[in-house]
Amino acid sequence: MDRVGVAFTGGLVASEIVHCVKLAEDLGYDSAWVAEGHGGDQFAILAACAVATSRIRLGTSISSVFVRSAPTIAMAAATVDELSGGRFVLGLGSSHRVQVAGEHGLPYARPIDRVRETVEVVRGLLRDGAVSFRGEVLDIPKFDLWFRPLRLSVPIYLSGLFRPMLEVCGELAQGAILTWSTPDFAHRAAAHVATGAQRAGRDATQVEIASLLGCAVGADVDEARRRLKPGVALYAGFFPRYNRLLAESGFSEAAAAIKAAWDRGDRDGAVRLVPDALIDAVALAGPPARCRERLAQYRAAGVGLPIVTPRVRDGGGTTAVTEAIRACAPA
């Protein structure tokens, strides 16, 4: 059976996400992932999912290494892992300067170093129950756990967009998480992950490539594309790294135009500037058969775990999410 995950990025309240994760488990999904951003506390939501399910893996996609301390991340991970009976996957990433500084008011510097050191601290704290760490960016004189984790190690997946961070995924992680990637980009990303794994003396086949794939299901392909365009406009307009990603994926003119509209405050104009071809290149849009065909293309490109990500912040609610979950369920 082909493995597939589902992710939630905002638009639903916690109880609705729990309902959708229970449905995904019933339909045989491998895993359910919760982003944070502005969509609710991911660890609290996953804890609720943990006690409502029994088989499906549960992960963060992703948890920022800047907005929580490393010990806080470790404690949250251990808590959800215990409540789920050992089904938790910790997805970590560096987030973005525009979020960390602009939305949280926190300093943002040396993101790759901070990811590396956070992984080291989290693993050490879960393994040993206490940690003292002095690195290049983290300085933790002493922190100890006042409880015993269920597992002394949880799987860690890292998010990556470009070669340096993707190679770190290969060096350190059990998985790499991509977002808004084309199948061609996913293929290139897998090669960067393999380079990092080989440099660290690891088996590259043991590092899973996962990709969050925006999804809108419907008989009308144009309407499905329309529902996905606000999300693409946000990423291309607000996040410099995603703008670069989409530009380097063959949409340089569209990425530049979307960014210009976003910068002048024309959000509706930015959405209108997202071409249909861009949606078709980075997302799943249209009838169920069309979406499943796209999933197969990502698998052929080296994505071991495609993660269906219904984008419903701009409407559709649980109906749109459950429709996508049913349409893309494992065969």
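The values are calculated or read from the model by the stated rules, or taken from the named source; none is laboratory data. Just so you know, these numbers come straight off a predicted model, no measurement behind them. Please note: Cβ atoms are built from the backbone with ideal geometry, for glycine as well, and neighbour counts cover all protein chains shown.
Cβ-Cβ distance below 8 Å, separation of 6 or more or different chains: which pairs start in region 119-139 with a residue that is under 17 Å from residue 151 (Cβ atoms) and end on one that is polar (S, T, N, Q)?
What qualifies is 123/153; 126/153; 127/153.
Do any helices (runs of 4 or more DSSP H) lying entirely in region 213-305 carry at least 1 residues that are farther than 20 Å from residue 99 by Cα, without any contact (Cβ under 8 Å) to a residue 40 or more places away in the chain and of a type in the set (A, V, I, L, M, F, W, C), and which ones are they?
Hits in region 213-305: 252-263, 276-282, 288-300.
For residue 319, all conditions in the list (1) farther than 17 Å from residue 233 by Cβ; (2) touching a Leu at 6+ places or on another chain (Cβ under 8 Å); (3) of a type in the set (Ser, Thr, Tyr) hold save one; what is the number of the exception?
Unmet condition: (2).
Filter region 1-28 down to residues that are of a type outside the set (Val, Ile, Thr) and either free of Cβ contacts under 8 Å to residues at least 60 places away in the same chain or in a loop (DSSP other than H, G, I, E, B) (or both), then give me how many there are.
13
Do we find that residue 35 is closer than 30 Å to residue 295 by Cα, in contact (Cβ under 8 Å) with a residue 12 or more places away in the chain, surrounded by fewer than 17 Cβ atoms within 10 Å (Cβ to Cβ) and among the aliphatic types (A, V, I, L, M) in this structure?
No, not satisfied.
Look at region 306-329 and say how many of its residues are at pLDDT 95 or above and part of a loop (DSSP other than H, G, I, E, B).
Count: 2.
Could you tell me whether residue 285 is aliphatic (A, V, I, L, M) and within 24 Å of residue 95 (Cβ to Cβ)?
No.
Hey, can you tell me all the residues within region 71-97 that are in contact with a strand residue (DSSP E or B) (Cβ under 7 Å, 6 or more places away or on another chain), touching a residue at least 40 places away in the same chain (Cβ under 8 Å) and of a type outside the set (D, E, K, R)?
Within region 71-97, 71, 73, 77, 88, 89, 90, 91, 92, 93 meet the criteria.
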